[in-house]
Amino acid sequence: MNNSNKVAIVTGASRGIGAAIAQRLAAQGVIVIVNYAGRSADAEAVVNRIRASGGQAVAFRADVAKPAEVAALFDQAITLFGGVDILVNNAGIMPPNLPRLADTDDDQFDRLVAVNFKGTFNTLRAAAKKLRDGGRIINFSSSVRKLALPGYSVYAATKAAVETLTLIFARELRGRNITVNAVAPGPTATELFLNGKTDVQVQTLAKMPPLERLATPQDIAAVVAFLAGPDGGWINGQTLYANGGIA
Ligand code: NDP
């Protein structure tokens, strides 16, 4: 699979799944903008790992919830590398110990919507103007959208919204040869998943899929690389559930 000379923005790439995606795409010759929200040392470490393996990457801080920062993210990519071909909307939050709907406060609701839903909207809106024709967009849903576990109502609802944006935006980009898809991981061994869970909770969730383990960030990065590369070119408007069979 050859993606050489393409330019990708990977949001939330300082750690977890996004860091694995950045490294995977860079290994295929893609120039990667490693976006992050606050952890600059982690983002620089990802960039350094990519460069040490012969790839090209730069880190760029931008809160995807803020339209002006998203505009700056695209402008920086275009200034440095001439354009953007691939957008991976991986940035997302899931605070630990999510309460049930009745106990969810306004701040938590607003923050989940701002980052997971509005953040994806912000980057898609920028991509409509700034992604080169022939490009690829990969959004992030979650398998909990189908699992519908108590406690996940607002988080899962933001991901359902992302799935809805995915198909409609794919249709709105008719004529530009840009595909828009989403990946919906199941439990994946990252801070977002592990934070606030006991070992027993982690093991219980890990045993739920018939493949009986947690995903690694690399499992999910492989799916994104497929959708971003030539072999995924006929898939459009879809949400791909990558979860070992959990849902
Ligand atoms: P992590 O918490 O490990 O990493 C989150 C990343 O997103 C970090 O790079 C963080 O940056 C960045 N980020 C957070 N908020 C913002 C923001 N406002 N603007 C820009 N970047 C931001 O998460 P995962 O790797 O686990 O999750 C990646 C995606 O996968 C998310 O969309 C999540 O919902 C989804 N997902 C994850 C699952 C799992 O089990 N892990 C399961 C299903 C879906 P910084 O380091 O600077 O804070």
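The values are calculated or read from the model by the stated rules, or taken from the named source; none is laboratory data. Please read all numbers here as calculations on a predicted model, not as lab measurements. Please note: Cβ atoms are built from the backbone with ideal geometry, for glycine as well, and neighbour counts cover all protein chains shown. Note: areas computed on protein heavy atoms with side chains; ligands, DNA, RNA excluded. Shrake-Rupley method; radii C 1.70, N 1.55, O 1.52, S 1.80 Å.
How many nm is it between the label spots at residue 79 and residue 133, if each spot is 7 Å from the Cα in line with the beta carbon?
So the label points at residue 79 and residue 133 sit 2.8 nm apart.
With springs only between Cα atoms under 10 Å, which of 102, 127, 68 fluctuates most in a Gaussian network model of the chain?
Highest fluctuation among the options: 102.
For region 60-159, what are Rg and Dmax over the alpha carbons, in angstrom?
Here Rg and the maximum Cα pair distance are 15.3, 48 Å.
So what are the ³J(HN,Hα) numbers for region 168-179, from phi and the Karplus equation (6.51, -1.76, 1.60; θ = phi - 60°), rounded to whole Hz, Gly and Pro as x?
Whole-Hz 3J(HN,Hα) from phi for region 168-179: 5, 5, 4, 6, 5, 8, 2, x, 10, 6, 10, 9.
What share of all Cα pairs of the chain, in percent, falls into each consecutive 5 Å distance bin?
In whole percents, the pair-distance histogram is 1, 7, 14, 19, 21, 17, 11, 6, 2, 0, 0.
What's the carbon and sulfur percent of the chain's accessible surface, probe 1.4 angstrom, rounded to a whole number?
53 percent
Whenever you get a sec, line up 171, 145 from highest to lowest accessible area (probe 1.4 Å, protein heavy atoms).
Correct descending sequence by accessible area is 171, 145.
What order do 197, 6, 66, 159 take when sorted by accessible area (1.4 Å probe), most exposed first?
66, 6, 197, 159
Counting only the heavy atoms of the protein chains, how much of residue 198 is accessible to a 1.4 Å probe, in Å² to the nearest 10?
Around 70 Å² of this residue is reachable by solvent.
Go ahead and estimate [θ] at 222 nm for the chain from helices alone: -39,500 (n - 2.57) per DSSP H run with n ≥ 4, summed, over the residue count, rounded to 500.
-13000 deg cm²/dmol
Which value, in Å² rounded to 10, gives the accessible area of residue 24 with a 1.4 Å probe and all protein chains present?
100 Å²
Quick check for you: with a 1.4 Å probe and neighbouring chains kept, what is the accessible area per residue of region 105-227, in Å²?
47 Å²
Extension gain residue 39-residue 207, at 0.36 nm per residue separation less the Cα-Cα distance, in nm?
Gain on extension, residue 39 to residue 207, equals 57.3 nm.
If you take the Cα atoms of region 125-247, find Rg, then find the Kirkwood Rh from the mean of 1/r over all pairs, what is Rg/Rh?
1.01
Can you pull out the GluC sites (Glu not before Pro) in region 126-215 whose DSSP state is coil and whose Cβ has at most 16 other Cβ atoms within 10 Å?
Sparse-neighbourhood loop GluC sites (Glu not before Pro): 212.
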